[in-house]
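Values quoted throughout were computed directly from the atomic coordinates according to the rules given, and no laboratory measurement underlies them. Just so it is clear, the model here is predicted, and its values are computed rather than measured. FYI the Cβ positions are ideal-geometry reconstructions off the backbone, even for glycines, and counts take in every protein chain you see.
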Amino acid sequence: MNSSMKTVASFLGISIIFTAIMTSCSNKVDLNAGINRLYSTDIRFAQMSLDLGAAEAFNHFLAEDAMSMSHEQNPVIGREQIYQEMKPGQDDYQLAWEPQHANVAASGDMGWTWGKYVLSFMDDQGVEQKRFGKYLNIWTRQADGQWKVAVDMGNSSPAPVE
């Protein structure tokens with residue numbers, strides 16, 4: 001192989017390596033953007049719960065075929081069924097949560113968030129009660145690019161230490 005052929009071969013090799021590195025870096029940036037978008041979506045979900053009530057927020061952010069797996073309850077399947085079960089008591093409690101972490105699959109079409117929640121309500125004597133817990137939501141990216149919750153799971157936790 002003469003020197004000009006070696007130069008061309010070296011240039012092609014370097015170009016292939018550079019392209020692979022840049023593609024890898026750009027995929028990482030896209031994945032980070034997806035994680036940030038999912039995290040922000042969970043924050044908007046939580047804010048809607050405070051503004052409009054938990055049932056309305058879940059009705060907006062759940063996928064049509066979503067499943068809810070609440071602590072000490074049977075699973076409920078379907079966005080409309082979950083909404084119908086949450087709606088009647090919506091004015092009797094406040095469900096607040098704060099995401100702690102989000103992650104997105106390399107494919108970009110699924111992700112998860114977890115966080116801590118506080119369920120506040122008045123007992124029969126008019127005294128405010130609080131129940132603490134943690135949740136895990138599995139999200140799917142819809143055809144329109146929006147994130148929707150496919151599976152919502154939660155269970156109780158001890159009260160935070162002051």
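Counted by neighbouring Cβ atoms within 10 Å, the residues ASP42, ASP92, ASP30 run from fewest to most as ASP92, ASP30, ASP42. A cut-off of 5 Å between modelled amide H atoms, ignoring neighbours fewer than 5 places along the same chain, links HIS71 with GLY154. Convex hull volume per residue, computed on the Cα atoms of region 36-162, equals 118 Å³.
How much length, in nm to one decimal, is gained on full extension between MET153 and ASP65, taken as 0.36 nm per residue of separation minus their Cα-Cα distance? Write down the numbers at each step before the final one.
Working: separation 88, 0.36 × 88 = 31.68 nm, distance 1.46 nm.
Gain on stretching MET153 to ASP65: 30.2 nm.
List the aspartates and glutamates whose Cα sits under 15 Å from the Cα of LYS148, skipping any in the same chain fewer than 8 residues away. Qualifying aspartates and glutamates at Cα under 15 Å: ASP42, GLU56, GLU64, ASP65, GLU80, ASP109.
Counting other Cβ atoms within 10 Å, keep those with at most 15, restrict to DSSP loop, and tell me which GluC sites (Glu not before Pro) in region 71-100 are left.
Working: sites: GLU72, GLU80, GLU85; in loops: GLU72.
Sparse-neighbourhood loop GluC sites (Glu not before Pro): GLU72.
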